[in-house]
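Report on one structure; see the data block that follows.
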Amino acid sequence: MSPATRARVRERAGNRCEYCQLRQEDSPLAVLHVEHIIPRMHGRSDDLDNLALACIDCNLHKGPNLTGIDPETQQVTELFHPRRHRWDDHFQWRGLYLTGQSAVGRTTVRVLQMNSEDQLALRCC
Ligand SMILES: [Zn+2]
């Protein structure tokens, strides 16, 4: 992936995680990653529409996952896709906690562990 592509993804994302919205300036010890929304192991490429900016916590917990189990319905559900889904349709802040507003949101909050102690610690300061 070229430096220009990485720069384009970072700029498009406003320099914040496209999943939990952590800003780069609030994560001084870890650089936000350019990640593959659909991992290369599933056959997707470095096209801009398959790339997103993600914090290290979201990226590590997402791993190669494409789906998870919705904690409310117990149905297999796709994860949030930053290029196809609107963040506001699927997530909402309740204080420091991120809550899912849809099956996609609930499943993504669960799989990416978006309210982990590490995540909460970065949000509180
Ligand atoms: Zn994140």
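In the stretch 44-93, what residues are within 23 Å of S27 (Cβ to Cβ) and of a type in the set (K, R)? Answer for the stretch 44-93, where residues must be within 23 Å of S27 (Cβ to Cβ) and of a type in the set (K, R): K62, R83. When the stretch 35-44 is limited to residues that are touching a strand residue (DSSP E or B) at 6+ places or on another chain (Cβ under 8 Å) and at pLDDT 85 or above, the one that is farthest from the ligand (Cβ to nearest atom) turns out to be H36. Of all the numbered requirements in (1) open to solvent by 70 Å² or more (accessible area, probe 1.4 Å); (2) part of a loop (DSSP other than H, G, I, E, B); (3) not small (G, A, S), D88 misses one, and that requirement is (2). For the stretch 15-23, check the following and say yes or no: at least one residue is hydrophobic (A, V, I, L, M, F, W, C), under 19 Å from E78 (Cα atoms) and at pLDDT 95 or above. Checked against the condition, which is being hydrophobic (A, V, I, L, M, F, W, C), under 19 Å from E78 (Cα atoms) and at pLDDT 95 or above, the stretch 15-23 yields at least one hit. L51 meets all of the listed conditions (1) within 17 Å of M1 (Cβ to Cβ); (2) open to solvent by 20 Å² or more (accessible area, probe 1.4 Å) but one, namely (2). Among the residues of the stretch 74-82, some residue qualifies, meaning at least one is touching a residue at least 12 places away in the same chain (Cβ under 8 Å), aromatic (F, W, Y) and in a loop (DSSP other than H, G, I, E, B). Looking only at the stretch 24-34, count how many residues are more than 10 Å from the ligand (Cβ to nearest atom) and either buried (at least 16 other Cβ atoms within 10 Å of the Cβ) or part of a strand (DSSP E or B) (or both). Counting residues in the stretch 24-34 that are more than 10 Å from the ligand (Cβ to nearest atom) and either buried (at least 16 other Cβ atoms within 10 Å of the Cβ) or part of a strand (DSSP E or B) (or both) gives 2. From the set of residues in the stretch 110-125 that are in a loop (DSSP other than H, G, I, E, B) and touching a strand residue (DSSP E or B) at 6+ places or on another chain (Cβ under 7 Å), which is farthest from the ligand (Cβ to nearest atom)? This residue is N115. Here the condition is being more than 10 Å from the ligand (Cβ to nearest atom), open to solvent by less than 40 Å² (accessible area, probe 1.4 Å) and polar (S, T, N, Q); of T5, T67, it holds for T5 alone. The condition of being away from the ligand (no atom under 12 Å from the Cβ) and modelled with pLDDT of 95 or more holds for only one of W93, W87, that being W93.
Looking only at residues of the stretch 91-109 that are in contact with a Gly (Cβ under 6 Å, 6 or more places away or on another chain) and assigned to a helix (DSSP H, G or I), we find that the one that is most open to solvent (accessible area, probe 1.4 Å) is R106.
The values are calculated or read from the model by the stated rules, or taken from the named source; none is laboratory data. Bear in mind that the values here come from a model prediction, so they are computed numbers and not experimental data. With ideal geometry, Cβ positions are generated from the backbone for all residues, glycine too; neighbour counts draw on all protein chains shown. Ligands, DNA and RNA are excluded from the accessible area calculation, which covers all protein heavy atoms including side chains. Shrake-Rupley method; radii C 1.70, N 1.55, O 1.52, S 1.80 Å.
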